[in-house]
Amino acid sequence: MTESPHTPPTPETPHDQTMHPLEAQRRANREAAVSAGLNPYGVRVDGLVTLAEAGSRYDEGADQDQKANGKAEGFADRRPVVKVAGRVMLLRDNGKLLWINLRDASGDLQVAVSQRDCAEPGFAIAKSIDMGDIVVAEGPLTKTKTGEVTVWATSIVPGAKCLVPPPEKHAGLSDHELRYRMRYVDMWANPETTRVFQLRSRIVSLLRRLLDGLGYMEVETPMLQTLAGGAAARPFKTHMNALDISLFMRIAPELYLKRLLVGGLPRVYEINRNFRNEGLDARHNPEFTMLELYHAFGDMETVMGVTESLTREAAAAVAKEQGLPHSGAFTLPFGELAIDYGSPFMRVRYGDLFERVLGVKMSDRGAVARLAAEKRVKAKDEKGIALDHWLIVNNLFEELAEPTLDHARPTFITHYPSAISPLTRPNREDPTVADRADLFIGGMEIAPHYTELNDPDVQASKFKEQLAGLDDEESTFRNFDEDFVNALKVGMPPAGGMGLGIDRLVMLLTNQRTIRDVVLFPLMRPLESQQDAPTDA
RNA sequence: GGGAGUGUAGCUCAGUCGGUAGAGCAGCGGCCUUUUAAGCCGUAGGUCCAGGGUUCGAGUCCCUGCGCUCCCA
């Protein structure tokens with residue numbers, strides 16, 4: 001990669017040999033603060049208000065009064081005085097009057113620095129400011145003749161020097177790679193980025209508040225696990241020196257949360273990171289956030305109700321925040337869709353949808369085989385061996401039936417075939433279908449729901465079946481969880497369980513098309529200069 | 001894993017048929033006390049992702065690799 005101010009210097013490339021001229025210039029400009037006796041990196045400042053708050057304190061009457069009578073003998077200026085800090089986004093230097101547009105996480109505000117009204121060294125500091133610097137300004141609020149609320153500075157002090165040239169001032173930072181690698185620039189160059197993460201934070205705290213109100217207790221279970229259970233995914237493996245054992249980053253908290261039901265907690269949830277050592281695309285980041293919850297003496301229906309109300313409440317909060325309708329059949333935009341979160345979520349049985357779209361019963365082996373051939377849906381594995389009937393059914397379902405769902409209506413698909421839900425409890429009335437329901441919104445799978453298996457003997461045999469089907473590679477990280485089966489032997493109450501993908505939910509509610517836009521620091525391939533030296537392990 | 005696109009100044013982007021590397025913003029030197037992407041005059045800034053090939057000549061064409069983006073599995 002070519003040398004640029006955006007390439008962090010490494011020990012092997014000292015500053016003085018690689019410094020970009022634009023950085024050198026900014027270092028020189030930094031000296032203005034030093035020679036004025038100020039620290040270019042600032043000091044503690046008390047009494048700051050956000051830029052949005054400062055702007056809202058503008059007093060029209062006091063401003064008019066000042067403009068009319070300001071020069072009169074003994075006139076008292078009643079304009080509110082504010083102290084603000086922000087990053088310099090725009091800078092217009094008219095010689096003896098400078099216009100500075102500041103930005104913070106709350107918004108933007110203009111500051112005027114007049115040689116006549118700003119005490120030294122403030123004016124000298126203002127003259128040395130570079131775009132991207134953080135400055136602190138204080139002064140009364142006024143409106144310019146074009147009507148813009150402005151802090152008329154009586155003092156300016158440095159907050160922090162920006163030695164790296166900021167992005168272009170109108171086009172901003174649009175290069176996706178740079179945006180993700182330098183989120184700390186993206187966040188102020190593109191205020192929309194900060195807004196998404198503010199919403200994400202509010203959504204997650206609302207979910208916690210709602211769950212707490214419903215009597216669920218938040219818990220934290222191991223992220224480092226000796227067995228990577230609870231889902232079918234490849235784990236990240238690490239090593240613990242003290243005990244000289246292998247550990248896995250968890251792929252799901254499920255088996256620990258269920259142990260807590262055995263321990264007597266009636267309703268538990270965890271909102272935390274899972275890690276899966278798999279692909280990386282618009283909907284997958286190797287670490288992602290999941291809300292997983294369990295409800296003792298509930299079932300699939302119980303937790304479906306919880307998911308529906310959590311989703312609706314979160315959507316309503318986002319809609320309200322944006323000044324959109326948030327009751328009745330209200331919607332939020334997602335790409336081209338207007339997703340209806342207000343109406344009751346749709347429900348469709350897997351088998352009914354299959355039959356309606358494909359015209360044959362999923363249990364009709366002959367018809368399914370003919371249909372797979374006709375529709376050219378995968379019916380053989382890599383070795384050319386015919387797939388199991390139910391796998392063909394699922395391929396047909398995922399390719400042809402699932403896409404026909406109305407993406408603008410959140411929909412639960414229920415009654416999955418037991419044959420493709422190996423770890424799930426079979427339905428009491430019809431054991432060929434499983435007590436499992438998946439919520440789909442906007443074409444994305446958001447949350448699976450289960451009536452949990454709590455018979456230790458059934459669980460043990462399902463573990464064994466699963467292990468028998470593993471290839472050599474899978475066998476290296478999957479194992480029989482004796483202790484979990486032992487917990488079930490102690491006795492787990494019947495329960496409903498649910499797992500809600502927080503990143504995908506946030507994507508939907510904030511109208512972002514990729515998971516990288518809702519994860520603050522998405523995983524990126526490291527730059528060569530930032531790679532760790534190879535280790536022995 | 002497959003396909004498509006893309007990589008040029010700090011940033012955002014042009015670069016025609018293969019013929020001297022371009023613009024805007026940012027920067028630097030001036031002027032300017034009500035600007036809104038301020039304006040005006042002047043000025044500097046390049047490993048065209050990397051390596052190889054074709055050619056008198058490659059940012060441009062070909063090959064290989066790498067990064068990133070999008071789509072598909």
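Figures for the structure shown
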quantity	calculated
Protection proxy ranking, peptides A:35-45, A:67-77, A:286-296, average beta carbon neighbours within 10 Å, highest first	A:286-296, A:35-45, A:67-77
Charged-residue dipole, Cβ positions (Lys, Arg, Asp, Glu), the stretch A:21-172 about Cα centre, Debye nearest 20	280 debye
In nm, spacing of pseudo-spin labels at A:Arg273 and A:Ala408 (7 Å Cα→C-beta vector)	3.9 nm
Shape box of the stretch A:183-320 [Cα atoms, principal axes, largest first, Å]	49, 44, 25
Normalised convex hull volume, the stretch A:485-530, alpha-carbon set, Å³ per residue	156 Å³
With all protein chains modelled, accessible area of A:Trp390 [1.4 Å, Å²]	40 Å²
Reciprocal of mean inverse Cα separation for the stretch A:21-172 (Kirkwood radius, Å)	15.9 Å
Where only C-alpha atoms are counted, convex hull volume of the stretch A:402-504 per residue in Å³	143 Å³
Relative contact order, percent, the stretch A:21-172 [alpha-carbon distance under 8 Å, six or more residues apart]	28 percent
Options A:Leu38, A:Asn479, A:Pro403, ranked by Cα towards positive dipole end of chain A, top entry (Cβ charges)	A:Leu38
Kirkwood hydrodynamic radius (C-alpha pairs) into Stokes-Einstein, chain A, 25 °C and 0.890 mPa s, D in µm²/s	88 µm²/s
Per-residue SASA entry for A:Thr50, accessible area with 1.4 Å probe, Å² rounded to 10	70 Å²
Rg in Å to one decimal, and Dmax rounded to a whole Å, for the stretch A:186-266 via C-alpha atoms	17.8, 50
Amide N of the stretch A:118-156 lying under 13 Å from the label point, which is placed 7 angstrom from the Cα of A:Lys96 along Cα→Cβ	A:118
In sequence order, calculated HN-Hα J values of the stretch A:126-137 (Karplus, 6.51, -1.76, 1.60; Hz; x Gly/Pro)	4, 5, 9, 5, 10, 4, x, 5, 9, 10, 10, 10
Residues of the stretch A:21-172: accessible area per residue with a 1.4 Å probe, Å²	51 Å²
Top positive-direction residue, dipole computed over the stretch A:268-405 with Cβ charges, set A:Ala373, A:His295, A:Asn285	A:Ala373
Cα-centre dipole for the stretch A:378-478 with unit charges at Cβ (Lys and Arg positive, Asp and Glu negative), debye to 20	140 debye
A:Tyr184, A:Tyr269, ranked by accessible area, largest first (probe 1.4 Å)	A:Tyr184, A:Tyr269
Principal axis dimensions, the stretch A:240-282 - Cα atoms, whole angstrom, descending	38, 35, 12
Carbon + sulfur, % of accessible area of chain A - ligands and nucleic acids excluded, 1.4 Å	52 percent
Length-normalised contact order of chain A in % [C-alpha pairs under 8 Å, at least 6 apart]	12 percent
Top positive-direction residue, dipole computed over chain A with Cβ charges, set A:Ile134, A:Trp390, A:Ala228	A:Ile134
Rounded to the nearest 10 Å², the accessible area of A:Asp430 at probe 1.4 Å	60 Å²
Helix runs (DSSP H) in chain A reaching 20 Å along axis by Cα, Kyte-Doolittle at least -0.5	A:191-213, A:300-321
DSSP-defined antiparallel bridges as percent of all bridges, chain A, nearest 5	90 percent
Principal axis dimensions, the stretch A:97-202 - Cα atoms, whole angstrom, descending	45, 29, 24
Chain A, dipole about Cα centre (Lys/Arg Cβ +1, Asp/Glu Cβ -1), debye to the nearest 20	1140 debye
Efficiency of FRET from Cβ geometry, A:Glu399 and A:Val219, R₀ 35 Å, rounded to 0.05	0.35
Cut-off under 5 Å, modelled amide H: who pairs with A:Ile251 long-range	A:Gly229, A:Phe275
Directionally averaged projected area (convex hull, Cα atoms, the stretch A:316-464), nm²	11.8 nm²
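The values are calculated or read from the model by the stated rules, or taken from the named source; none is laboratory data. What you see is a predicted model; the values in this text were computed from it and never measured. Neighbour counts are summed over all protein chains in view; Cβ atoms, including those assigned to glycine, are modelled from backbone coordinates with ideal geometry. To get the accessible areas, we keep the full protein, side chains included, count just its heavy atoms, and leave off ligands, DNA and RNA. Shrake-Rupley method; radii C 1.70, N 1.55, O 1.52, S 1.80 Å.
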